[in-house]
Amino acid sequence: MKTKFGRIVLMVLDSAGIGAMPDAPEWGDAGADTLGNVLKSRKVNLPNLQKLGLGNIRELNELPAIENPIGSYGKCTLKSNGKDTTTGHWEMAGIILEKAFPTFPQGFPQPVIDEFVEKASVPGVLGNIPASGTEIIKDFGEEHIKTGKPIVYTSADSVFQIAAHEEVIPIERQYEICEIARKMLDGEQFRVGRVIARPFTGETAETFTRTENRHDYAVPPPNENLLPLMKEKGLDVVCIGKIASIYDSVGVTEDLTAKNNEQSIDQTINALNSDARGLIFSNLVDFDMLYGHRRNVEGYAKALEDFDQRLPEIYDAMSEDDLFIITADHGNDPTFPGSDHTREYCLLLCYGKNAKQGVNLGTRQSLSDIGQTIAENFGIELKDGVSFLREM
């Protein structure tokens, strides 16, 4: 099989939106601008992203466009009806959702909670409200220890999250009740995008800390998406961080654990140094989890600088025929009210040692253009998306 690129790395800077989409007001997100507002907060030093062409996508504070970027640049429309993790990642793989996953801004209906309590054989639940994961264990953690009732909560995302202390409900039992919830939450009305186990430890509200034993249970994606099609063709699909869980491991040939940005970058470099041929797909979760949802502007800025400093390591690990694509799955403007994702365009940067430089990829009609580009490179037919492979 003759391919233009022997291997493609797709790295998602989770929540790195680059300005509100035209329909943002319909989502309550008028004026949202994750990267734009973070860069307005102070001088953010991003020399390597600037060389790639970040400042060429649009005007950004103290990050001017350069004349000869080493990468190609543009931005992607989120075409699907949604602004959550699953929606954005699925769209990259060629799945465009016309109907958003259901959300529960008032908590889950009582019949859903009653069914969960019965099927999971738990003594009841605490919470059942939209909440920050760190705040809800402060609010309900001590009562959870006394009663043994798991803490159930949601967010603006389509999620059913279960928090429990690892010494009150052992981790394997936590996973078991999450699996019960996943099977239960089906059908058009209640099929949330993800059920998530959120274990924690500690003795008091002041010392409770979430552990690294989080586990996601996603809705399985349709089979006609990029990942299983690549696997069927005998190609590697190496997934890093939470990528495998987002696709319910469908089409994944290797799942490399990474709990934060640094580990995801390390594992991406490890995969590049392996003999993998196909797709290396990684997610840098801290931008969203630690800084977007918690409205930590300085943390977001520092995380961008830390990522920028490591780009040369990724380049050094790349082969001559590798292509590196950087994008996002949605926005999460840390300067914006609330703690929700924001409906934004997603950045698009591409680099390869033998790829064309300085190509303006424009405003893509969908994140599925990324999946279609990867598919065309490997001779795969994907239903949705417009490839930009020939521009590379």
*PRE reach from E118 (point 7 Å along Cα→Cβ): which of region 157-189 fall under 17 Å by backbone N?*
180-186
*Charges only on Cβ, +1 for Lys and Arg, -1 for Asp and Glu: so what's the dipole of the chain about the Cα centre, in debye to the nearest 20?*
640
*What is the log10 of I(q)/I(0) for the chain, computed with the Debye formula using one identical point scatterer on each Cα and no solvent, at q = 0.10, 0.14 Å⁻¹?*
-0.63, -1.22
_In 10 Å bins starting at zero, report the fraction of Cα pairs in region 101-156 per bin as a rounded %._
24, 52, 24, 1
*Roughly what % of Cα-Cα distances in region 1-139 sit above 19 Å, to the whole percent?*
69
_Reachable lysines from K149, criterion Cα separation under 26 angstrom, eight or more residues apart if same chain_ = K119, K138, K183
*Note the angle between two axes, namely the Cα long axis of helix 171-184 and the longest principal axis of the Cα atoms of the chain, as a number of degrees from 0 to 90, rounded to the nearest 10.*
80
*Restricting attention to the alpha-carbon atoms of region 213-366, what are Rg (one decimal) and Dmax (integer), both in Å?*
16.2, 46
*Starting from the Cα of K383, move 7 Å in the Cα-to-Cβ direction to define the label point; list residues of region 218-254 whose amide nitrogen is under 16 Å from there.*
220-230
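Of all the C-alpha pairs in region 128-181, what % are more than 17 Å from each other?
On the way: 493 of 1431 pairs.
Summing the P(r) tail past 17 Å for region 128-181 gives 34 percent.
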*Heavy-atom accessible area order for E188, E176, largest first, 1.4 Å probe*: E188, E176
*Cross-link partners among aspartates and glutamates for K2, C-alpha distance below 18 Å, same-chain residues fewer than 8 apart left out?*
E232, D236, D275, E320, D321, D322, E376, E381, E391
*asked:* How large is the direction-averaged shadow of the alpha-carbon convex hull of region 205-286, in nm²?
replied: 6.3
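State the percent of C-alpha pairs, over all pairs in region 240-313, separated by a distance greater than 22 angstrom.
Numbers: 725 of 2701 pairs.
Distances greater than 22 Å cover 27 percent of the Cα pairs.
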*Taking only the alpha-carbon atoms of region 299-392, what semi-axes of the equivalent ellipsoid follow from 5 times the gyration tensor eigenvalues under a square root, in whole Å, largest first?*
26, 20, 11
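What does the highest-first list of 131-139, 108-116, 337-345 look like by mean Cβ count within 10 Å? Write down the numbers at each step before the final one.
On the way: 131-139: 18.4, 108-116: 15.3, 337-345: 22.8.
So the peptides 131-139, 108-116, 337-345, ranked by packing, come out 337-345, 131-139, 108-116.
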_Cα→Cβ-extended label distance, 7 Å offset, between K353 and K43, nm_ = 3.4
*Label-to-label distance, nm, for residues given as E26 and T211 (7 Å Cα→Cβ offset)*: 4.4
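Can you quote the Å³ per residue value for the convex hull of the Cα atoms in region 100-227, rounded to an integer? Provide the component values of the computation, followed by the final result.
Numbers: hull volume 14.1 nm³, N = 128.
In region 100-227, the Cα convex hull volume per residue is 111 Å³.
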*Report, ordered by chain and residue number, the lysines lying within cross-link reach of K79, taken as a straight Cα distance under 19 Å and ignoring same-chain residues fewer than 8 apart.*
K99, K383
*For the chain, with +1 on Lys and Arg beta carbons and -1 on Asp and Glu, the positive-most of L78, Y351, P111 along the dipole*: Y351
_Rg/Rh ratio calculated on Cα atoms of region 179-221 (Kirkwood radius)_ = 1.15
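The values are calculated or read from the model by the stated rules, or taken from the named source; none is laboratory data. Keep in mind it's a predicted model, so treat the numbers as computed, not measured. In this analysis, Cβ positions are derived from the backbone assuming ideal geometry, glycine residues included, and neighbour counts consider all displayed protein chains. Note: accessible area is taken over every heavy atom of the protein model, side chains too, but ligands, DNA and RNA are not part of it. Shrake-Rupley method; radii C 1.70, N 1.55, O 1.52, S 1.80 Å.
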